[in-house]
Amino acid sequence: MNSNKDNSSCSLFPTSINSITDNSAPSLISNKLTFFESKYSPNKSLTTLYSFGSNEMGQLGQKQNLKILRYSSSPIEISTLSNESITNYSLGGGHVVAVNSEGQLYSWGACACGQLGIDDASNTVLDSEGYPAQPFPKQIIRLNNIKIKYVACG
């Protein structure tokens, strides 16, 4: 683990990883609710995403002002994606990309170098360092004709 302070970190977690369907493999997942399922979303879809950590670049995926919500030490639901069935996601240094069950791609966070793949920068704001940031998930329209399954950020 790097001992340097990294203010761009963000954490995401689904409310469950209980999507394994191969019953022949030994299971390490119990049938009990996880801590986060019981505390934050006992009646919600198992694909709801929560985020916590730094929000200096909008990587928490919240519609609040970045200066007001600088970080969250408690998990908060990414409400913009609450009606989406998220099947895969990946974290970069200050950005996030997620895929829904229809194969559509969403991205948010730091976008100074084009890493979000969005054409329309009308919803971007300036992050803590003065660079453009997309503070909440936005669909990457150019890839609508392609069904995406998995993503990886660097």
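Since every read-out is calculated from the coordinates, none of them should be taken as a lab result. Not measured: the values here are computed from a predicted model.
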- [ ] Return the sequence-ordered ³J(HN,Hα) values of the range 75-90 in whole Hz as given by the Karplus equation 6.51 cos²θ - 1.76 cosθ + 1.60 applied to θ = phi - 60°, using x for Gly and Pro.
- [x] x, 10, 5, 8, 5, 4, 9, 5, 9, 9, 9, 7, 10, 7, 8, 8
Open item on the list: Per residue of the range 141-154, what does 6.51 cos²θ - 1.76 cosθ + 1.60 with θ = phi - 60° give for ³J(HN,Hα)? Whole Hz please, x for Gly and Pro, Karplus curve as stated.
Closed with: 5, 4, 9, 4, 7, 10, 8, 8, 10, 9, 9, 8, 9, x
Task: J(HN,Hα) series, the range 105-112, from Karplus relation 6.51 cos²θ - 1.76 cosθ + 1.60, nearest Hz, glycine and proline x - done: 10, 10, 9, 6, x, 5, 9, 5
